[in-house]
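Structure first, commentary second.
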Amino acid sequence: MSQYQIAVVVGSLRKDSFNHKMANALARLAPTGFVFKQVQIGDLPLYNQDDDGNPSAEVKRLKAEISAAQGLLFVTPEYNRSIPGVLKNAIDHASRPYGQNTWAGKPAGVLGVSVGAVGTALAQQHLRNILAYLDVPTLGQPEAFIHAKDGLFDADGNIGEGSKKFLQGWMDLYVAWVKKHAG
C-alpha cells in the first residue's frame, strides 16, 4: 500500500489540549505515505442504543472516517484514573449496533500526555482493555506515558529535543505495526 490513512482520535475537547498538540507533533514524525486526520468526536450525541437504527449525521461521519482509515491513533488524557467520557462515547458509537463494529481489525497505537508524573497509564490500560474486546490489534510496546513538562514541545509545536528520540522510535514501531496489520 502506498498511502496509509490514519484516523486520530484525541480524547480531549480542550482548545489548548496537550493531547491535541501531541497528535499534531507526532504526525510530523511519520514517514511519507502516512496521512493523519483527527476525527471530530465532540459533536456526537450521547450513545443511546435506541438510535442504532437511525444514527445521526455525526455518527455516520465518524463511522465513515474510521472505515476509510487503515490505522488508528488514540491520544488521550486521563480523567479520574480512566478515559474521558467523550472518548468512550465515540468508541461506543463506532462499535454499534452489534455486528457493525467499525474499529475491528484496524491496527492502533495508544498514548497520552498528562501533567501527572505517571502520564496517562491508567487511562491507556482501560483503553487497551476496550480495544482488545473490539478486536483492535494494539501496539503493546513501547508504552508511552508522556509527562507534560517544559520542553516537551518546541516553540513551533514540534516534539522537543528531550523527547524526540523516544517518540520517533515509538512512531517508527507504530508505522511498522500498521504496515504489518493493515494488509
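Nothing in this text is a laboratory measurement; each read-out follows from the coordinates by a stated rule. Bear in mind that the values here come from a model prediction, so they are computed numbers and not experimental data. Reconstructed Cβ throughout: ideal geometry from the backbone, glycine too, with neighbour counts over all protein chains shown.
Annotation note: of Leu111, Leu127, the sole residue that is surrounded by 14 or more Cβ atoms within 10 Å (Cβ to Cβ), part of a helix (DSSP H, G or I) and either in contact with a strand residue (DSSP E or B) (Cβ under 7 Å, 6 or more places away or on another chain) or not hydroxyl-bearing (Ser, Thr, Tyr) (or both) is Leu127. Run down Ala90, Ala69, Ala123 and say which single residue is farther than 19 Å from Leu13 by Cβ and small (Gly, Ala, Ser). The conditions single out Ala69.
Taking first residues from the stretch 1-18 that are farther than 22 Å from Val136 by Cβ and partners that are assigned to a loop (DSSP other than H, G, I, E, B) and among the hydroxyl-bearing types (Ser, Thr, Tyr), the Cβ contacts under 8 Å between residues at least 6 apart in sequence or on separate chains come to Phe18/Ser12. Here the stretch 59-75 is the region considered, the condition is being crowded, with 16+ Cβ neighbours inside 10 Å and free of Cβ contacts under 8 Å to residues at least 60 places away in the same chain, and the residue that is farthest from the chain's Cα centre (by Cα) is Val59. Going by the structure shown, is Val136 assigned to a loop (DSSP other than H, G, I, E, B) and under 22 Å from Val35 (Cα atoms)? Judged against the criteria, Val136 is a match. Would you confirm whether any residue within the stretch 17-37 is surrounded by fewer than 16 Cβ atoms within 10 Å (Cβ to Cβ) and on the phi > 0 side of the Ramachandran plot? Checked the stretch 17-37: at least one residue is surrounded by fewer than 16 Cβ atoms within 10 Å (Cβ to Cβ) and on the phi > 0 side of the Ramachandran plot. Picking from residues in the stretch 88-132 that are under 14 Å from the mean Cα position of the chain (by Cα) and of a type in the set (Val, Ile, Thr), the one that is farthest from Tyr47 (Cα to Cα) is Val113.
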